[in-house]
Amino acid sequence: MMASSEPPNALEYVQVNTGPRKPRILLAASGSVAAIKFANLCHCFSEWAEVKGVATAASLHFIDRTAIPKDVTLYTDEDEWSSWKKLGDSVLHIELRKWADIMVIAPLSANTLAKIAGGLCDNLLTCIVRAWDYNKPLFVAPAMNTFMWNNPFTERHLITIDELGINLIPPVTKRLACGDYGNGAMAESSTIFSTVRLFFESKAHQGNSNIS
């Protein structure tokens, strides 16, 4: 049998010559004051993985875009619409869904939690979640006022996303940005990073990682 003269595709070539690639992490931020930590979170992950970012319009009130690592592209709702011109063009939320090995939403606001639990998809972030392949991990780190965290709706929504297989990184008790003291503060960036990395490496050790 004659060998094929066609060269391997680019991904195959990279894998053959350089070994396994880095994990692809999609970091997303929704509208919570805790989004001020988003740049730091990007730095934590970019030491270990390929990182792309997604920010809702509300989260941009708190994110310092100049502090985000230079190699991390931050996508917004504007990019979702500006990248599509005609039939046949790629759709950003689908392309990001395909690209990512893991998605992490940190912070997850009460509003975005409710949207995900209800299946709404009215911005780039929630469209990615609605299209997500739940064979791949999706982590959320909620951040909200204690009264919102203790609201009965929050409990219902957490049950719903748990049934979808979404992994919760629980909030912590501390002095909140509003001055109140209680549970609802987003977990520390280091905790979010270590939780995701340990999960990934555990799956890879068991041979369950999708990365080759």
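Summary of values
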quantity	calculated
A106 within 26 Å of E201 (Cβ to Cβ), of a type outside the set (S, T, N, Q), in contact with a Leu (Cβ under 8 Å, 6 or more places away or on another chain) and modelled with pLDDT of 95 or more	yes
Residue count, region 32-54 (criterion: without any contact (Cβ under 8 Å) to a residue 60 or more places away in the chain and either among the hydroxyl-bearing types (S, T, Y) or not in a helix (DSSP H, G or I) (or both))	7
Number of the exception - F139 against (1) more than 19 Å from F199 (Cα to Cα); (2) of a type outside the set (S, T, N, Q); (3) touching a helix residue (DSSP H, G or I) at 6+ places or on another chain (Cβ under 7 Å)	(1)
Residue in region 159-166 that is loosely packed, with under 12 Cβ neighbours inside 10 Å and either more than 19 Å from the chain's Cα centre (by Cα) or of a type in the set (G, A, S) (or both) present	yes
Residue match in region 77-97 (condition: within 27 Å of H157 (Cα to Cα), of a type in the set (G, A, S) and either assigned to a helix (DSSP H, G or I) or modelled with pLDDT under 95 (or both))	no
Residues of region 78-109 satisfying the condition of being touching a residue at least 60 places away in the same chain (Cβ under 8 Å), touching a helix residue (DSSP H, G or I) at 6+ places or on another chain (Cβ under 9 Å) and not acidic (D, E)	L96, A100, I102, M103, V104, I105, A106, P107, L108, S109
Answer residue from region 101-154, given it is hydroxyl-bearing (S, T, Y), in a helix (DSSP H, G or I) and out of contact with any strand residue (DSSP E or B) (no Cβ under 6 Å at 6 or more places or on another chain) and is nearest to G182 (Cα to Cα) among those	T154
Among the candidates A177, A143, A187, residue that is at pLDDT below 95 and on the phi < 0 side of the Ramachandran plot	A177
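The values are calculated or read from the model by the stated rules, or taken from the named source; none is laboratory data. Predicted, not measured: the structure shown is a model, and the values here were computed from it. So basically every Cβ, Gly included, is an ideal-geometry build from the backbone, and we count neighbours across all protein chains shown.
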